[in-house]
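Participant: Pasting in a structure now, in structure tokens, and then I'll have a few things to ask.
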Amino acid sequence: LQNFIGRIKSIAFMTPLNAKSEECLTVGTALHELRHSLEAQVHLMHSVLTRDIRLIGSSSTTVADLQIPDIEFRSECEGKMPLWYRETSTSRAIGKQLGCRQEWVLGLVKYGHLEEKQTPIGMRITQKSAEEFANAFISLAAVATANDTSARSLVSTCQSHGIFMLTIETNHINASFVRREDAQLVVEHGQLNDQRKLGGVRSQAERTEESD
């Protein structure tokens, strides 16, 4: 065991100190996530030692601060976790999965669009309900980001064209979602609206020039 710990520490000392270059988490955070399975924790450290999980960097010379890719961590270790853990997730993780804020996820749970399940570590959201929701809806914020526009503009487009929106009220910014099959239609209507506005501005400018 001492030899194993020594080898892990030597990796920490040899790993360059640098900023996060991709989506990652620290070994300490990963071990905390796996705290309910000793087998998974051992597998994590073995994977780090054998470099099956790459080391990105570290903010110090301690093992806990070693940075590893999130996707590699989950690919290597989640299969070692209990079934209830693999079938559920936190609101933060579901937010990343759906591409929306954590508070929006909590709102989706509150209004019954996502399902919670009691687990040995408390209430967690089922992956099944998250996948079903993701297959049916997409946030207007995500649509706006992908099409270089604003969610507010797309909300206005939906309202003016009678396109169904699922709106979740939160304490800060309300979340609006549309059916996935309507997303492209929203974008097309929004682009037409922008063109009409631009045409109106040009016409007004031309009339102003003529009057001058």
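The values are calculated or read from the model by the stated rules, or taken from the named source; none is laboratory data. Note that the coordinates shown come from a computational prediction; the quantities given were computed from them, not determined experimentally. All Cβ positions, even for glycine, are placed from backbone atoms using ideal geometry, and neighbour counts span all protein chains on display. The area values use the complete protein model at the heavy-atom level, side chains included, leaving out ligands, DNA and RNA. Shrake-Rupley method; radii C 1.70, N 1.55, O 1.52, S 1.80 Å.
Participant: How many of the residues making up the range 72-126 are in a loop (DSSP other than H, G, I, E, B), over 30 Å from ALA144 (Cβ atoms) and among the acidic types (Asp, Glu)?
Facilitator: 1
Participant: For LYS128, state whether it is among the basic types (Lys, Arg), closer than 23 Å to ALA183 by Cβ, surrounded by fewer than 16 Cβ atoms within 10 Å (Cβ to Cβ) and without any contact (Cβ under 8 Å) to a residue 12 or more places away in the chain.
Facilitator: Considered against the rule, which asks whether it is among the basic types (Lys, Arg), closer than 23 Å to ALA183 by Cβ, surrounded by fewer than 16 Cβ atoms within 10 Å (Cβ to Cβ) and without any contact (Cβ under 8 Å) to a residue 12 or more places away in the chain, LYS128 comes out as no.
Participant: Residues in the range 30-85 that are without any contact (Cβ under 8 Å) to a residue 40 or more places away in the chain and crowded, with 18+ Cβ neighbours inside 10 Å: how many?
Facilitator: Count: 8.
Participant: I'd like the full set of residues that are open to solvent by less than 60 Å² (accessible area, probe 1.4 Å) and part of a helix (DSSP H, G or I), limited to the range 145-186.
Facilitator: Those that are open to solvent by less than 60 Å² (accessible area, probe 1.4 Å) and part of a helix (DSSP H, G or I): ALA151, SER153, LEU154, VAL155, THR157, CYS158, ASP182, ALA183, VAL186.
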